[in-house]
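What follows is a set of notes on a single structure, which appears directly below.
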Amino acid sequence: MKVVGRGVVLVTFGAMVLAVLPAFGGGGQHYPNGAEDIFSGMAPPPGWHIVNYAFYYDADKMTTSGGDIDIDLKAWAEVFRLIYSSDKKILGGNYLAHIFVPYLDADLDPFGYSENGFGDLIVDPFILAWHGPTYHATAGIDVYVPVGEYDENSPLNLIGRNFWTFEPVFAVTGMYQTGWSWSVKLMYDVNTKNDEFFNPVTGMHSDLEPGDEFHLDYAVDYGIGKNCRLGAAGYYYKQLADDELDGADIPDDRGEAFAVGPVFMYSPSQKVHLVAKALFEVDTENRPEGNAYWFKIIYSF
């Protein structure tokens, strides 16, 4: 590993890989960027629904303020999401709730590090969804619960993050008779402190508090026939505040990234929807730069 200063060492070894999509660098990055796409602002009808997200991510470099670092990062993940949608109205919107259960298998070279297991849970017991003739919108606050395995003596933790994240979410979808639609999911992350962070520079435990983050997933797509949609999807991520190590800001470690790629949806029935996409990170800062391949199954009971 090329060492380019204290900040880069902390970024490379210290900022964890998020529970589903690996990303070191600044920020907490609990959320798997690019997870949502077509119709992300549209809540399902009343009833129970299952979404299974499967993806593979690989990166061969990490961009830092001191220069790029060669890495070999690969991750496979399955994320199970259970949604309950109600016909009960609150503030004019339908009430919903959901929970995510992620499983991750990741390898990082040249460090020779690998890990697999269940990650931190994501829960939101109170979501509201509104519907109109040309739009759909949802709002809630997702909470990331640090129940994944965490090793306080390891400089890397790819599964459990050992801190909470509170994430206000607002998603909206516009749909038109021309066949076009667009969707955007906006998120803001507030992270709590990890008081068992292993500092690879000092070899001691420290308090690490990831900085606040803003990020969004997006999609623009067009209906092809009755059952298919084709378009472009991706995400933008921006860390807005410095990480703090034992109360002091870590300089030059704020992450930023933009990704884009094709997305395809096939709906063989009203109860089953299949989504496939490939997202290519074209511009990153203080983060790995790679590609993600997603396959999503949505099933309604």
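The values are calculated or read from the model by the stated rules, or taken from the named source; none is laboratory data. Computed from a predicted structure; not experimentally measured. Glycine also receives a Cβ, built like all others from the backbone with ideal geometry; neighbour counts cover every protein chain displayed.
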When the residues of region 32-55 are filtered to those that are in contact with a Ser or Thr (Cβ under 7 Å, 6 or more places away or on another chain) and among the small types (Gly, Ala, Ser), which remaining residue is farthest from Trp130 (Cα to Cα)?
-> Gly47
For residues in region 110-134 being within 22 Å of the chain's Cα centre (by Cα) and assigned to a loop (DSSP other than H, G, I, E, B), which is modelled with the lowest pLDDT?
-> Gly119
Among the residues of region 102-109, is any modelled with pLDDT under 95, buried (at least 18 other Cβ atoms within 10 Å of the Cβ) and in a loop (DSSP other than H, G, I, E, B)?
-> no
Residue, surrounded by the most Cβ atoms within 10 Å (Cβ to Cβ), within region 220-238, restricted to residues that are of a type outside the set (Phe, Trp, Tyr) and within 20 Å of Tyr188 (Cβ to Cβ) = Gly234
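Being polar (S, T, N, Q) and either part of a loop (DSSP other than H, G, I, E, B) or surrounded by fewer than 20 Cβ atoms within 10 Å (Cβ to Cβ) (or both) is the filter here, so list the residues in region 154-182 that pass it.
Ser154, Asn157, Asn162, Gln177, Thr178
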Residues (surrounded by 19 or more Cβ atoms within 10 Å (Cβ to Cβ) and of a type outside the set (Asp, Glu)) located in region 186-200 = Met187, Asn191, Asn194, Phe197, Phe198
Counting only residues that are over 20 Å from the mean Cα position of the chain (by Cα), touching a residue at least 60 places away in the same chain (Cβ under 8 Å), surrounded by 13 or more Cβ atoms within 10 Å (Cβ to Cβ) and assigned to a strand (DSSP E or B), how many does region 44-92 have?
-> 4
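Here's the yes/no breakdown for (1) touching a strand residue (DSSP E or B) at 6+ places or on another chain (Cβ under 9 Å); (2) buried (at least 23 other Cβ atoms within 10 Å of the Cβ); (3) at pLDDT below 95:
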site: Val184; (1), (2), (3): yes, no, no
site: Glu213; (1), (2), (3): yes, yes, no
site: Asp243; (1), (2), (3): yes, yes, yes
site: Asp252; (1), (2), (3): no, no, yes
site: Phe264; (1), (2), (3): yes, no, no
Which numbered condition Lys238 fails, given (1) over 25 Å from His136 (Cβ atoms); (2) over 21 Å from the mean Cα position of the chain (by Cα); (3) among the charged types (D, E, K, R) | (2)
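Would you say Tyr135 is touching a residue at least 40 places away in the same chain (Cβ under 8 Å) and touching a strand residue (DSSP E or B) at 6+ places or on another chain (Cβ under 6 Å)?
Working: touching a residue at least 40 places away in the same chain (Cβ under 8 Å): yes; touching a strand residue (DSSP E or B) at 6+ places or on another chain (Cβ under 6 Å): yes.
Yes: the conditions hold for Tyr135.
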Flagged in region 211-235 as more than 30 Å from Gly174 (Cβ to Cβ) and touching a Phe, Trp or Tyr at 6+ places or on another chain (Cβ under 7 Å), in numbering order, are none
Pairs, please: C-beta under 6 Å, at least 6 apart or cross-chain, first residue closer than 22 Å to Ile83 by Cα and in region 247-273, second at pLDDT 90 or above and among the β-branched types (Val, Ile, Thr)?
-> Met265/Ile38; Met265/Val275; His273/Ile298
Scan region 218-231 and report the pairs whose first residue is farther than 12 Å from Trp180 by Cα and whose second residue is exposed (fewer than 14 other Cβ atoms within 10 Å of the Cβ) and of a type in the set (Gly, Ala, Ser), with Cβ atoms within less than 9 Å and a gap of 6+ or a chain change.
-> Asn227/Ser269
Candidates Tyr222, Tyr237 - the one that is hydroxyl-bearing (Ser, Thr, Tyr), at pLDDT 95 or above and over 22 Å from Asp68 (Cα atoms) | Tyr222
